[in-house]
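Step one of this worksheet: look at the structure below.
Laboratory data are not the source of any read-out in this text; all were calculated from the coordinates shown. Note that the structure is a prediction, hence the values are computed from the model and not measured. Positions of Cβ are backbone-derived with ideal geometry, glycine not excepted, and every protein chain shown enters the neighbour counts.
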Amino acid sequence: MTFELIIAEQRGRVGLITLNRPQAMNALNDQVVNEITAALDGFEADDNIGAIVITGSDKAFAAGADIGAMAQFSYMDAYKSEYITRNWERVKTCRKPVIAAVAGFALGGGCELAMMCDIIIAADSAKFGQPEVKLGILPGAGGTQRLPRAVSKAKAMDLCLTARLMDAAEAERAGLVSRVVPADKLLDEALAAAATIAGFSLPVVMMIKESIGRAFESGLNEGLLFERRVFHAAFALNDQKEGMAAFVEKRKPDFRHD
Ligand code: HXC
C-alpha cells in the first residue's frame with residue numbers, strides 16, 4: 001500500500017503504520033486520517049496480519065489535529081462534515097489489536113489517536129497532553145471520555161483544564177501507557193509485542209480485545225456475561241484444541257487462526 005503522508009508496511013504478521021508528515025509534527029489532517037483508515041482496512045482484510053502498530057517520529061507521534069485546517073471552520077463546516085469524529089472512528093472499530101508506539105509529542109488529537117489504540121507503549125521521550133483549551137476548543141475525539149477512564153478524573157481534569165503536558169513516567173504511573181522503554185528501543189519493543197500477539201490464535205486475540213472493550217462499555221454483570229459467552233465460544237475453535245494439546249504434549253502450539 002502506497003500513501004503520501006503515512007507509510008504502511010508488513011513486518012511478518014504485523015502491520016506497521018508510520019505517520020510521516022515531519023514538517024508539521026505529524027499533525028492530523030483529513031488526508032492523514034483517511035490514509036490511516038485505508039491502511040487499517042487493508043490490514044484488517046489481510047488474514048496474514050494478526051496485529052497492528054501505529055507510530056510517528058522521534059519528535060512527535062502526532063501534535064494534534066491540523067490547526068491550520070480548522071482555523072477558519074464555522075460551526076456548519078464542522079457539523080456538516082462531522083469533522084474529525086467521522087473518519088477517526090476507524091481506529092476504534094478495528095477488530096485486530098492496535099498498539100500505539102509513542103515517542104515525542106502526543107497532543108490533542110494525537111493523544112486521542114493513541115488512546116483509541118488498545119495498548120500504548122511509550123518512549124521515555126513521550127509527552128502526552130490535551131492542550132485544546134489554549135486554542136479555544138475542547139478535545140473532540142474522545143479526550144474528555146477516554147482520558148478520565150485511563151488516568152482518573154482528577155488527572156484528566158488537570159490535563160484538559162490546565163493544558164500541561166504529562167511525561168512518560170507520569171503517564172505510566174497514571175495507567176495511560178502499559179510500558180515505557182528507551183526511545184531507541186521503542187519500535188523494536190512495540191513490534192515484538194505485536195509479533196507476540198500475532199503469534200497467538202487470531203480469533204482468540206479478537207475475542208479478548210472485544211471482551212476487554214466491554215469492560216468500558218457496559219456494567220460489570222453484562223460484561224461478565226459477555227465474557228462467559230465468548231469464553232464458551234472459544235471451545236469451538238481448532239486453535240483451542242491445538243493450544244491445549246500442545247501444552248499436554250509439551251510442545252509449541254501451531255495455531256492456524258481458526
Ligand atoms: C498544524 C502544527 C501542529 C498542529 C505543530 N505544527 N503542531 N501544524 N497543526 N497541531 C507545525 C508548526 O506550525 C510548525 O510548522 C511545525 O509543526 C513545527 O512545530 P513547532 O511549533 O515549530 O515546534 P516546537 O517549537 O518544537 O513545538 C512543538 C509543539 C508545538 C509543542 C508540538 O508545535 C505545539 O504546541 N503544537 C500544537 C499542539 C496542539 O495544540 N495540539 C492540539 C491541536 S487541536 P512551521 O510551518 O511553522 O514550521 C486538536 C483538536 C483535536 O488536536 C480535536 C479532535 C481530534
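DSSP beta bridges in segment 1-117, what fraction antiparallel, as a percent rounded to 5? Walk me through the numbers on the way to the answer.
On the way: 6 of 18 bridges.
Percent antiparallel among DSSP bridges in segment 1-117 is about 35.
Once a ≥ b ≥ c are taken as the square roots of the eigenvalues of the Cα gyration tensor of segment 109-155, is the result rounded (a/c under 1.5), prolate (a/b larger than b/c) or oblate (a/b not larger than b/c)? Walk me through the numbers on the way to the answer.
Working: a/c = 1.62, a/b = 1.35, b/c = 1.20.
Prolate.
For the charge dipole of segment 107-183, defined by +1 on Lys and Arg C-beta atoms and -1 on Asp and Glu C-beta atoms about the Cα centroid, which residue among ILE121, GLY175, LEU161 has the Cα displaced farthest towards the positive pole?
LEU161
Could you tell me whether segment 154-220 comes out rounded, prolate or oblate from its Cα gyration tensor? Rule is a ≥ b ≥ c as square roots of the eigenvalues, rounded for a/c under 1.5, then prolate if a/b exceeds b/c, otherwise oblate.
oblate
Give the long-range amide H neighbours of ARG21: residues separated by 5 or more places, or on another chain, with amide H under 5 Å away, using H modelled in the peptide plane at 1.01 Å from N.
Sorted by chain and number, the residues that satisfy this are ASN26.
When DSSP beta bridges are limited to those with both residues in segment 100-187, what percentage is antiparallel, rounded to the nearest 5? Don't skip to the answer; put the middle values down first.
Values: 2 of 11 bridges.
Taking every DSSP beta bridge within segment 100-187, about 20 percent pair in antiparallel fashion.
What ³J(HN,Hα) values, in whole Hz, does the Karplus curve 6.51 cos²θ - 1.76 cosθ + 1.60 give for segment 166-176 when θ = phi - 60°, with x put for Gly and Pro?
Karplus values, whole Hz, x for Gly and Pro: 10, 7, 5, 5, 5, 5, 6, 4, 7, x, 6.
For ALA65, what residues show an amide H to amide H distance below 5 Å, using hydrogens built from the backbone and excluding near sequence neighbours?
Here the answer is LEU28, GLY109, GLY110, since their amide H atoms fall under 5 Å of that of ALA65.
Report the gain in length on full extension from PHE247 to PHE235: 0.36 nm times residue separation, minus Cα-Cα distance, nm rounded to one decimal.
Values: separation 12, 0.36 × 12 = 4.32 nm, distance 1.57 nm.
Extending this stretch completely gives an extra 2.8 nm.
Determine the relative contact order of the chain: mean sequence separation of Cα pairs under 8 Å and six or more apart, normalised by residue count, in whole percent.
On the way: 464 pairs, mean separation 42.1, N = 258.
Relative contact order, the chain: 16 percent.
Please sort 61-71, 116-126, 142-152, 206-216 by packing, taking for each peptide the average over its residues of neighbouring beta carbons within 10 angstrom, highest first. Kindly include the intermediate steps, with their values, before the conclusion.
Numbers: 61-71: 20.9, 116-126: 22.9, 142-152: 18.1, 206-216: 15.6.
Descending packing order for the listed peptides: 116-126, 61-71, 142-152, 206-216.
So, R0 is 25 Å and r is the distance between the beta-carbons of GLU210 and ASP46; what FRET efficiency does that work out to, to 0.05? Don't jump to the answer; show the numbers that get you there.
Working: r = 19 Å, r/R0 = 0.77.
That gives a FRET efficiency of 0.80.
Provide the percentage of antiparallel DSSP beta bridges, counting only those with both residues in the chain; round to the nearest 5. Spell out each step's value before the answer.
Details: 8 of 30 bridges.
Bridges in the chain are about 25 percent antiparallel.
Kindly identify segment 32-139 as rounded, prolate or oblate by the Cα gyration tensor criterion: order the square roots of the eigenvalues as a ≥ b ≥ c, call it rounded if a/c is under 1.5, otherwise compare a/b with b/c, prolate if a/b is larger, else oblate.
Details: a/c = 2.46, a/b = 1.27, b/c = 1.93.
Oblate shape, in that a/c is at least 1.5 and b/c is the bigger or equal ratio.
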